1. Setting aside same-chain residues fewer than 8 positions from LYS42, which aspartates and glutamates have a Cα under 14 Å from its Cα?
2. Based on Cα positions only, what radius of gyration and what Dmax would you give for the chain, in angstroms?
3. Taking 8 Å as the Cα distance limit and 6 or more residues as the minimum spacing, I'd like the relative contact order of the chain as a percentage.
4. What spacing in nm lies between the two simple spin-label points modelled at ASP72 and VAL1, each 7 Å away from Cα in the Cβ direction?
5. Between ALA60 and GLU88, 0.36 nm times their residue separation minus their Cα-Cα distance comes to what?
6. Please provide three numbers in whole Å: the alpha-carbon extents of the range 67-115 along the principal axes, with the largest listed first.
7. Give the accessible surface of the chain per residue, rounded to a whole number of Å², with probe radius 1.4 Å and ligands, DNA and RNA excluded.
8. Of all accessible surface on the chain at a 1.4 Å probe, what whole percent is carbon and sulfur?
Amino acid sequence: VQLQASGGGLVQPGGSLRLSCTASGGSFSGYSVGWFRQAPGKEREFVAAIRWSGGNTYYADSVKGRFTVSRDYAKNTVSLQMNRLKPEDTAVYHCAAGRAIVSTMRSPNAYYYWGQGTLVTVSS
């Protein structure tokens, strides 16, 4: 499965962006799809995840209430709607797919397939 992340860009604080993760060469069926981000000089951190079957969602405390992860069966796509963006949200955002379970959902090691990343810059 190849993943393609898109939708990054430059946005002012308080603004919104919508990231998309599309699968090719397969589907997300049976997988959990996660979003991770990595800022310069920092470790990769969990942002949000969704179970493709069932739609259960999981969020980091830092984005809860501002970000929403969703899935579109017809487009084989997972989206991350990011609202009320802050400068500290600036990072390269990666989507990933794997057979993560509840206890491992926030760990990058639970994901097998990774997209190339899309840069989100929040700055005035």
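1. Answer for LYS42, where 14 Å is the Cα cut-off: GLU88, ASP89, listed by chain and number.
2. In Å, with Rg to one decimal and Dmax whole: 13.3, 41.
3. Details: 308 pairs, mean separation 44.7, N = 124.
Once normalised by length, the contact order is 36 percent.
4. 1.8 nm
5. The ALA60-GLU88 span can extend by a further 8.7 nm.
6. The Cα atoms of the range 67-115 stretch 31, 28, 20 Å along their principal axes.
7. Values: 6090 Å² over 124 residues.
Value returned for the chain: 49 Å² of accessible area per residue.
8. Working: 2920 of 6090 Å².
So the carbon and sulfur contribution to the accessible surface is 48 percent.
The values are calculated or read from the model by the stated rules, or taken from the named source; none is laboratory data. Given the structure is predicted, the values throughout are model-derived calculations rather than measurements. Using ideal geometry, Cβ is built from the backbone for each residue, glycine included, and neighbour counts are taken over all protein chains shown. What goes into the accessible areas is simple: the full protein's heavy atoms, side chains included, and nothing from ligands, DNA or RNA. Shrake-Rupley method; radii C 1.70, N 1.55, O 1.52, S 1.80 Å.
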